Amino acid sequence: MAEMLLCIDVGNTQTVLGAFSGEKLVSRWRIRSDRSRTADEYSHLIKDLLRGDGIDTGSLNGVVISCVVPPARQPLIDMSKASFGMDPLMIGPGIKTGMSILYDNPKEVGADRIANTVAAYERYRRALIVIDFGTAITFDVVSSSGDYIGGVIFPGVQISLDALFLKASKLPRVELEIPQRVVGRDTISSIQSGIIYGYSGLIDSLVERISAEMGDDPYVVATGGSVGLLAGQSEAISEVLPDLTLEGLYILYGRNK
């Protein structure tokens, strides 16, 4: 029987979980991140997700966790020990990545960003820009030799929308959809245009500037919760990889077994 691995990526807004049977991702789930969730709550929720997809909870051979939400870290560790009888691999300083991290302080690089870049370089073995559309939008840059060079961070789409609603008294909350034209003819379509086309233009401009600074022609891939909305409007993004972080966790687990 193939080894069964549970991968958990805890972001500030959403938590993504995946189950691998051998090298194949057989199930994936996306839930709301909750800083107050207890180990028992995680246990019941995750077991229900596994059983719902027909996965025997006793078949797990390993658990690997990426977590950028400090209050969730210990409950997840406790959950893994109590529910599955094993210490999870926590992605962070000191683990084997197979990649040189050239940040001034490598400990500052988020676990999800490490997972993304490791998975992307394993796939393509070339210079890369990895864009993750999450609570924050992150750009992670990898050299052709596989070194993590650094990146760019700026507020995500939902943060910008929330700030606009909270700080501008007359502007409404809007559902984010792709508008029919760039020049809006009402307030809602104007906000939608500003977010969709403004962010896609920002993405393309940053890719151009990063490429010039690298002196290379990096391949640009994208992932994250809101990737579907913006990637199609960007001329710079070559490929969308929705399961990139889970793939990275799988690879990192293998390198640290």
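The values are calculated or read from the model by the stated rules, or taken from the named source; none is laboratory data. Just so it is clear, the model here is predicted, and its values are computed rather than measured. Backbone-built Cβ (ideal geometry, glycine too); neighbour counts: all protein chains shown.
Brief remarks follow.
- Given (1) under 20 Å from the mean Cα position of the chain (by Cα); (2) acidic (Asp, Glu); (3) outside the structural domain of Ile153 (by TED's automatic domain parsing); (4) under 23 Å from Gly254 (Cβ atoms), index of the condition Asp34 fails: (4)
- Some residue of the stretch 106-119 being at pLDDT 95 or above and more than 13 Å from Leu246 (Cα to Cα): no
- In the set Val183, Val207, only one residue is over 18 Å from the mean Cα position of the chain (by Cα) and not in a loop (DSSP other than H, G, I, E, B); that residue is Val207.
- Assessment of the stretch 191-200 against the conditions (within 27 Å of Gln14 (Cβ to Cβ), of a type in the set (Val, Ile, Thr) and in contact with a Pro (Cβ under 7 Å, 6 or more places away or on another chain)) yields at least one matching residue.
- Qualifying residue in the stretch 190-198 (condition: closer than 30 Å to Trp29 by Cα, modelled with pLDDT of 90 or more, under 18 Å from the mean Cα position of the chain (by Cα) and of a type in the set (Phe, Trp, Tyr)): no
- Pairs where the first residue, in the stretch 230-257, is surrounded by fewer than 16 Cβ atoms within 10 Å (Cβ to Cβ) and the second is at pLDDT 95 or above and assigned to a helix (DSSP H, G or I), C-beta under 6 Å, 6+ apart: Glu235/Asp204
- Ile203 being surrounded by 14 or more Cβ atoms within 10 Å (Cβ to Cβ), within 28 Å of Val10 (Cα to Cα) and either among the β-branched types (Val, Ile, Thr) or not assigned by TED's automatic domain parsing to the domain that holds Phe154 (or both): yes
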